[in-house]
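First comes the structure, then the notes that go with it.
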Amino acid sequence: MTTAELPVIAAVDGSWHSFEALAWAAHDAVRRGLPLTIVHVRPLDRRTSQEVQRREAEELLAESVGRVAQVAPALHTSTLAPLDFPTAALTALSEHASMLVLGSRGLGGFRSLLVGSNSLATASMARCPVVVVHSSAADEDGTETREAFADIVAGVAADESSEAVLDFAFEAAMSRPGACLRIVHGWTMFSSMLSGGPVFDRDAAADAAARTLAELTAGRREKYPQIDVVQEPVHGSASRTLVTASETAALTVIGRRKGGEDLGFGLSPVAQTTLTHAAGPVAVVPC
């Protein structure tokens with residue numbers, strides 16, 4: 001099976017967050033022409049028998065398949081219910097997936113936490129892109145009120161780590177006809193100095209950042225001429241721009257590569273800040 005044929009994997013645990021992520025995964029699998037695998041990881045819990053866990057997993061997965069049938073009746077689906085720690089199971093499965101799709105929090109998540117520990121840990125270790133779907137404003141019946149948006153936002157660095165991010169972002173934009181792709185690159189005088197660029201002239205450093213961004217995207221703009229690309233070199237951290245942009249984006253794409261101070265979970269400061277505070281789905285791409 002080639003990478004283009006690997007399934008989209010959606011993890012469910014019975015929470016509203018996971019069901020919203022499941023619906024997002026189903027729509028994206030249809031757009032990309034890929035099958036969908038629905039996974040419920042049975043926790044290692046001695047207080048509950050494996051038979052009870054197996055029965056509960058079967059019921060949850062059957063409900064999940066039914067939910068997918070309502071939004072994407074023609075989509076090919078399969079199910080898995082491994083017995084393991086959630087992050088360990090999902091990381092192992094990520095080797096054979098085109099992407100993993102998770103809810104921002106699970107059943108045990110505290111309301112004060114914007115992103116749960118399992119989602120953060122999986123995003124930091126998975127071998128494929130991980131999409132964390134932040135829940136929309138919804139009423140108690142689960143009626144979604146967030147407006148649907150089409151555009152893709154990508155945050156890139158001025159080095160080879162951006163290759164995978166750009167590949168994923170352009171493919172995501174291609175799967176959404178009419179979508180605009182906004183590419184954000186944060187720069188500072190310090191980063192300009194480290195890259196051998198201007199040290200004291202801010203205007204020259206800004207011009208250099210714009211040229212770098214143009215060089216990063218040049219080949220792909222020729223490959224995807226139908227995509228409207230907007231380049232945004234930003235003075236300072238890109239995190240604020242990405243978080244703000246996520247409010248009107250179908251998907252925000254970032255690389256997980258560590259850079260500067262390690263904020264935990266193996267994510268760069270920009271990646272963790274964006275993943276934690278974004279208003280919509282965020283894709284974390286290994287790079």
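Descriptive notes on the structure:
- Ranking H96, H134 by solvent-accessible area of protein heavy atoms (1.4 Å probe, all protein chains present), from largest to smallest, gives H96, H134.
- Summarising the label geometry, the points placed 7 Å from Cα in the beta-carbon direction at S117 and E160 lie 3.6 nm from one another.
- Taking other residues whose beta carbon is less than 11 angstrom from the beta carbon of R182, and scoring Lys, Arg as +1 and Asp, Glu as -1, yields -3.
- Beta bridges per DSSP with both ends in the chain, % antiparallel, nearest 5: 10
- Peptide ranges 11-18, 183-190, 269-276, 55-62 listed from the most packed, as the mean C-beta count within 10 angstrom indicates: 269-276, 11-18, 183-190, 55-62
- Think of it as helices only: each DSSP H run of n ≥ 4 in the chain is worth -39500 (n - 2.57), and spread over all residues that comes to -12500 deg cm²/dmol at 222 nm.
- Maximal additional length on extending the Q50-T248 stretch stands at 66.9 nm, based on 0.36 nm per residue less the C-alpha distance.
- Exposure ranking of F149, F200, F168 by accessible area [1.4 Å probe, largest first]: F200, F149, F168
- Once Rg and the Kirkwood radius are both taken over the C-alpha atoms of the stretch 25-93, their ratio Rg/Rh works out to 1.03.
- The heavy atoms of D203 offer some 110 square angstrom of accessible surface to a 1.4 angstrom probe.
- Relative contact order %, the chain, counting alpha carbon pairs below 8 Å whose residues are six or more apart: 18
- Per-residue SASA remark: S49, around 60 Å² accessible (1.4 Å probe; ligands, DNA and RNA not included).
- Equivalent-ellipsoid semi-axes of the chain, from the Cα gyration tensor, Å, largest first: 35, 20, 17
The values are calculated or read from the model by the stated rules, or taken from the named source; none is laboratory data. A quick note: this is a predicted structure, and the numbers were derived from the prediction, not measured. Please note: Cβ atoms are built from the backbone with ideal geometry, for glycine as well, and neighbour counts cover all protein chains shown. Quick note on the areas: whole protein, heavy atoms, side chains included, nothing else; ligands and nucleic acids left out. Shrake-Rupley method; radii C 1.70, N 1.55, O 1.52, S 1.80 Å.
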